[in-house]
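Working notes for the structure below.
Laboratory data are not the source of any read-out in this text; all were calculated from the coordinates shown. Computed from a predicted model, the values in this text were never measured in an experiment. Here the Cβ positions follow ideal geometry from the backbone for every residue, glycine too, while neighbour counts run over all protein chains shown.
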Amino acid sequence: MRISEDYDDSIHSISVSKIIDRYELDRIYIPENIEQRSISVVEVYRPGLQLAGYLEGFKPERVQLFGRTEMNFLGTLSRAERQQRLDEYMHEDIPCIIISNSLPVYDEIIKAARFRKVPILRTFETTSVFLAMLISYLNLELAERLTIHGELLELYGVGILITGHSGVGKSETALELVKRGHRLIADDVVEIRKVSQTTLLGTSPDIIRHFMELRGVGIIDVKGLYGAGSVKDIDSIDLIINIERWDDDKKYDRIGVEEVYTEYLGIKIPSITLPIMPGRNMPILMEVAAMNFRQKKMGYNAAKEMYERVNKKFESNS
């Protein structure tokens with residue numbers, strides 16, 4: 001089940017067919033090359049100026065969305081002028097044209113699309129609603145991403161990424177946390193996506209989602225064993241916990257006043273290191289780490305509070 005670690009695969013695309021299936025779009029015209037049609041940019045274009053004849057700066061690689069405004073404008077033109085404008089506007093690099101509100105489609109649109117082999121689709125959703133849904137979905141699917149070796153779980157609403165060398169006990173710790181009522185997002189392979197300048201989301205590759213590998217036991221289906229409430233498809237990465245075997249020569253943080261961060265895809269995520277040794281209950285420590293992180297997000301830092309108390313005590317005694 002092992003997939004190579006830490007590779008960057010930031011250039012992505014999504015097929016037009018997947019968009020059609022996801023949003024159950026009406027297939028007004030589908031060219032033979034539909035399986036080769038893909039979308040690689042998040043932006044969605046509303047071609048008002050282009051339909052009016054202004055083509056400078058036109059971005060044909062974007063999904064084109066026709067709403068009531070575009071269709072009403074086309075309705076003001078004669079059939080001959082409408083065909084001319086559409087022929088000039090239509091470009092073979094357009095991945096697809098989607099018409100909102102289940103509006104009637106002019107014959108001239110289909111004729112121009114047939115010549116350029118551009119799919120014409122239609123949704124019953126309003127323009128603004130569908131635009132928001134599509135951009136949100138494309139932003140997730142086309143996000144810059146990185147795949148690493150680790151575990152991703154949700155503990156008390158906090159997305160915890162567990163990292164560490166192979167064989168250190170990440171999967172066993174994750175399984176114990178699932179038993180304690182927390183939710184698994186990814187085992188062994190975590191796909192990290194940068195969806196904004198401040199947010200990383202983590203998920204699992206489709207082929208191994210909700211499965212876990214346990215040495216000596218084999219592959220288990222976490223959802224099948226512990227129920228639908230024990231898993232989640234995607235979650236934010238809020239805290240990174242690196243677990244490692246105890247090293248007597250290494251100094252570990254015992255107070256936690258200074259914040260430590262790990263950077264993925266240009267975003268810094270708070271992180272801590274938990275050393276493993278006999279007698280340490282790692283699942284409980286991770287639960288406490290998640291609750292302590294939530295306290296910090298709410299404005300209370302126990303380490304700083306104690307540090308300030310100690311300083312005040314020394315000042316009063318001096």
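For the reader, a short list of remarks on this structure follows.
- Candidate aspartates and glutamates for bridging to LYS312, where Cα separation is under 20 Å - those fewer than 8 sequence places away on the same chain excluded: GLU258
- 19 Å Cα-Cα threshold exceeded, pairs from LYS223/LYS297; LYS232/LYS296; LYS194/LYS268; LYS179/LYS268: LYS223/LYS297; LYS232/LYS296; LYS179/LYS268
- Highest GNM mean-square fluctuation among ARG254, ARG209, ARG145, for the chain modelled with Cα contacts below 10 Å: ARG254.
- Lys/Arg +1, Asp/Glu -1 at C-beta; the stretch 103-234 dipole; positive extreme among ALA113, LEU131, ILE185: ALA113
- Check: the stretch 143-306 dipole with +1 on Lys, Arg Cβ and -1 on Asp, Glu Cβ, in debye: 320 debye
- Scattering profile of the stretch 1-142 at q = 0.17, 0.18 Å⁻¹ [log10 I(q)/I(0), Debye over alpha-carbon scatterers]: -0.91, -1.02
- For ARG280 and LYS250, the FRET efficiency from 1/(1 + (r/R0)^6), where r spans their Cβ atoms and R0 equals 22 Å, is about 0.90.
- Correct option for volume of the Cα convex hull per residue in Å³ [calculated from the coordinates] among (1) 127; (2) 192; (3) 137: (2)
- Applying 1/(1 + (r/R0)^6) with r as the Cβ-Cβ distance of ASP221 and SER166 and R0 = 30 angstrom yields a FRET efficiency of 0.85.
- For the chain, a crude dipole built from +1 on the beta carbon of Lys and Arg and -1 on the beta carbon of Asp and Glu, taken about the Cα centre, is about 740 debye to the nearest 20.
- Over the stretch 143-306, volume per residue of the alpha carbon convex hull, in Å³: 128 Å³
- Difference of contour (0.36 nm per residue) and Cα-Cα distance, GLN36 to ALA228: 65.6 nm
- Helix-only arithmetic for the chain: the sum of -39500 (n - 2.57) across DSSP H runs with n ≥ 4, divided by the residue total, places the mean residue ellipticity at 222 nm at -9500 deg cm²/dmol.
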